[in-house]
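Asks: Below you'll find the structure I mean.
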Amino acid sequence: MAELESLETAAEHERILREIESTDTACIGPTLRSVYDGEEHGRFMEKLEARIRNHDREIEKMCNFHYQGFVDSITELLKVRGEAQKLKNQVTDTNRKLQNEGKELIIAMEELKQCRLQQRNISATVDKLTLCLPVLEMYSKLREQMKSKRHYPALKTLEHLEHTYLPQVSHYRFCKIMVDNIPKLREEIKEVSMSDLKDFLESIRKHSDKIGETAMKQAQQQRNLDNIVSQHPRISGGKKSKKEACASSDLEVKNTSPMSEQDSGILDVEDEDEDEEVPGAQDLVDFSPVYRCLHIYSVLGARETFENYYRKQRRKQARLVLQPPSNMHETLDGYRRYFNQIVGFFVVEDHILHTTQGLVNRAYIDELWEMALSKTIAALRTHSSYCSDPSLVLDLKNLIVLFADTLQGYGFPVNQLFDMLLEIQDQYSETLLKKWSGVFRSILDSDNYSPIPVTNEDVYKKIVGQFPFQDAELEKQPFPKKFPFSEFVPKVYNQIKEFIYACLKFSEDLHLSSTEVDDMIRKSTNLLLTRTLSNCLQNVIKRKNVGLTELVQIIINTTHLEKSCKFLEEFITNITNVLPETVHTTKLYGTTTFKDARHAAEEEIYTNLNQKIDQFLQLADYDWMAMEPGSKASDYLVDLIGFLRSTFAVFTHLPGDVDVHSTMSGKVAQTACMSACKHLSTSLMQLLLEAEVRQLTLGALQQFNLDVEECER
C-alpha cells in the first residue's frame, strides 16, 4: 500500500517538474503552491535538485562540445566592436552634418505646418461661410422685399429663413439676433400690410363714384345692345354704333313727346362705339392690397381678425355712402352721384366675394344690401317728393331703372325698387298735370277764339294732320276758307297726346304688362281731362272779360273736342295694344268733360245776355207822368234790340251738320233767345211794379206799350 502511494507521489512530482520546465515563469506560482499544499515537499526538493544536476551536466557537455565556436565568436565580436565604433563615429558625424543641414528644413516644415494650419482654418471658414451666406442673402432679400413693399413674398422669405436656413447656423450669435428679430419683422409686415389695406379702403371710398359710373355705363351698353338685338333679330353681322342706334330710335319717336329732347340721352354712354369696351371694376381698382393682406393674415393665423376688421370698415363706408346729400333733389347729377357711389360699393364687394375665399360671404352681402335697399328707398321717397319738374322725375325714373338693372346684373334683388317706381309714377302724374295745367292755360290765354283761316292746301293738310277733322263740304270750298274751330282745338288735342306719350315714357322698362300700362295711361289721362283741362276751361269761361263771341267759339271748340275723344281712345289702344273691349279697361271721360264745359259756356252766355239786358234797362228813363206818348220806341230799347240782333247773328256760327236750328247748336240759340226774352219781359214788368212808381198817366202807358210792341216785332 505504501509502495503504491510513493509511486503516485513520484509521478505527481514528475508532472510538476515537467510543468515547471514548460510553463512561463510568471505563471509558475500555482504550480509551486500545489507542491507546498502536499506533505512531500522535501522529497520534491530532492527531485528538483536531482533534475537541476542533470541539466547542469547537459549544459556542461554542450559547452564542452561548442567551446571552440564560442571562442571564435568572441573573437569576431571583438572585431565587430571595433567596426561598430567606427560606424558609430561615422553615424555621429553624419548625424551632426544632417542636423546642421536639417535646420532650414525644420524651419520650412514649421512654416509649412503653419500654412497647413491656416489652410485648414480657411477651409473651415469657407465651409462655415457657405452655411452662413445663404442665411445672410435671405435676410438681405427679406429686407429688400420689405423695402419695396412686397410684403407677402417677404413673409414667405421669412418663413423659409426661419425654418430652413437659421436652424443650420443656430449656434452663431448673429443668428440669435435674427431669431429675436423675426417676431418684430412679422409684426412690421402685419402693420405695413394693414396700412396698405387702409389706404385701399380709403381709395375705393373715394373712387366708388367712378366705379359705379363705369358699371352703369356697362349696363346701359348691354341694354342698348339688347334693344338693338330685339328690334333687329335677323341682323347677325356687323356692329352698330351707339350714335346710329340712338338716331334710329329718335326717328321712331320724333315729335311725339314734349320731353323727348330732354330725356332721350339722359343716361347714354358718351360717344363710344359698341366695340369699345368699358373697363370693369378690376381694371379701375388694384385689389392686390386686399389679397396680400388677406394672405399675410392667413399665414400669420389671424385671418378671422382681418375679416372682422374688413367687414367692420366696409359697413361704416356703406353707411356713409347711403347718406344722400341734402340738395340731391335739385339736379339729376345729385341722384346720379348717389347711385354711382352705391353701385360702386356693391360692385367692389361682389368682386371681393368672387375673388377671395370667405373674406366676405353671401349672407354678409345680403345683409348690407337689405340695409342699402331700405335706406335708398327711404331717401328716394323723401327727395323725389320735392321734385316738381316732370322731366326731372322722368330722368330720375330712368336713372333708377338703370341703377336697378345694374345691380340686378350682379345678382342683387331689386323688386322693391320697381315697386317704389310705381309710387313715383303717381307723383310723376301729378307733376305732369301741373305742367299741362300751365300748358293749357297758356294755349287758352293766347287763343283768339276765331275760326282758323286757311289760305292754301298745305296749311289745310297740316291742320287736318294735327286734329282728326273731316268735312266734305269744307273740303269742296275754295281757298281761302275757315275751320269752324279756333287754334286751341288742335293744340289741346296734340297736348293731350303729348301727355299720353309722357305717361307712356314713364312706363318703359318697368316690366309692366300691356294691360297695366294701358290702365295707368287711361287713369292719368282721365285726371288730365276731368280735373286739369276741365278747370282750365271753367276758368276761361268764368273770366270777367270773356265775351259772347268767345263763349260761342268755346261751345264750338268743345263740341269738336268731344267728337275727337274716340280718336284718343284709338290712339291709346294703338300704343298699348290693349283693345277697349278688354275686361277692366278704363274708359276715357273726355266726352263728359267737354259736355260740362259746353254747358257751362251756355249758362255763361245766358247769364251774360241777361247782364247786358240789365245794363240797357238801367238806361231806361220813363216819364210816368207824361201826358202824350212818343212817336217811336224808347232809344234804350232800340239799342237793346240792335244788340240782341247782332248777338244772335253770332249763333249762326254754331256747328251743325244739317241745319243750325235743328241741332244742339240751334237749341243753344233758341234757348238763349227765349232766356233773353223772358228776362226782358220780367224786367219790363218790374219797371211797372217798382215801388217808386206811385202813379202814371195814360201817355206813359202808351209809350211803354210802344216799347213792348217793338220787342214783339
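The values are calculated or read from the model by the stated rules, or taken from the named source; none is laboratory data. Since the model is a prediction, treat every value here as computed from it, not as a measurement. Please note: Cβ atoms are built from the backbone with ideal geometry, for glycine as well, and neighbour counts cover all protein chains shown. The accessibility values were calculated without ligands, DNA or RNA, using every heavy atom of the protein model including side chains. Shrake-Rupley method; radii C 1.70, N 1.55, O 1.52, S 1.80 Å.
Asks: Helix 457-466 against the longest principal axis of the chain: what's the angle in degrees, Cα atoms only, rounded to the nearest 10?
Replies: It is inclined by approximately 60 degrees.
Asks: Another question, if that's okay. If you average the sequence gap of Cα pairs under 8 Å that are 6 or more apart and divide by the length of region 281-434, what percent do you get for the contact order?
Replies: Reported as a whole number, the value is 23 percent.
Asks: A further question on this structure: So, taking all protein chains as they sit and a 1.4 Å probe, how much accessible area belongs to GLU110, in Å² rounded to tens?
Replies: Counting only protein heavy atoms, GLU110 exposes about 100 Å² to solvent.
Asks: Could you look at region 298-381 and say what percent of its accessible area is carbon and sulfur, using a 1.4 Å probe and all protein chains?
Replies: 47
Asks: If one computes the Cα centroid of region 488-540 and of region 366-410, what distance in Å separates the two points?
Replies: 24
Asks: Can I ask one more? Leaving ligands, DNA and RNA out of it, rank LEU399, LEU687 by accessible area with a 1.4 Å probe, largest first.
Replies: Ranked from most to least accessible, the order is LEU687, LEU399.
Asks: Looking at region 461-525, which GluC sites (Glu not before Pro) are DSSP coil and have at most 13 other C-beta atoms within 10 Å of their C-beta?
Replies: GLU508
Asks: Past the 25 Å Cα-Cα mark, which pairs from LYS523/LYS595; LYS190/LYS210; LYS156/LYS210; LYS461/LYS544?
Replies: LYS190/LYS210; LYS156/LYS210; LYS461/LYS544
Asks: Using Cα atoms only, what is the angle between the long axis of helix 565-576 and the major principal axis of the chain, expressed in degrees (0 to 90) to the nearest 10?
Replies: 10
Asks: From Cα pairs below 8 angstrom and at least 6 apart in sequence, can you work out the relative contact order of the chain, rounded to a whole percent?
Replies: Averaging sequence separation for qualifying contacts and normalising by length gives 9 percent for the chain.
Asks: Give the label of the value calculated from the structure for volume of the Cα convex hull per residue in Å³, choosing from (i) 489; (ii) 672; (iii) 191.
Replies: Recomputing volume of the Cα convex hull per residue in Å³ here picks out (i).
Asks: What angle, in degrees between 0 and 90 and rounded to the nearest 10, separates the Cα long axis of helix 635-650 from the longest principal axis of the Cα atoms of the chain?
Replies: Taking Cα atoms only, the helix is inclined about 50 degrees.
Asks: Summing Lys, Arg as +1 and Asp, Glu as -1, what charge do residues with Cβ under 12 Å from the Cβ of LEU527 carry, LEU527 excluded?
Replies: +2
Asks: Residues of region 469-505 with backbone nitrogen within less than 11 Å of a virtual label 7 Å along the Cα-to-Cβ line of GLU570, please, listed as ranges.
Replies: Within reach of a label on GLU570: 469-470.
Asks: So what is the accessible area of the chain per residue, in Å², with the probe set to 1.4 Å?
Replies: Roughly 59 Å² per residue, with all protein chains present.
Asks: Evaluate 2.2 N^0.38 Å with N set to the residue count of region 7-88, then give the Cα radius of gyration divided by it.
Replies: Dividing the Cα Rg of region 7-88 by 2.2 N^0.38 Å gives 1.75.
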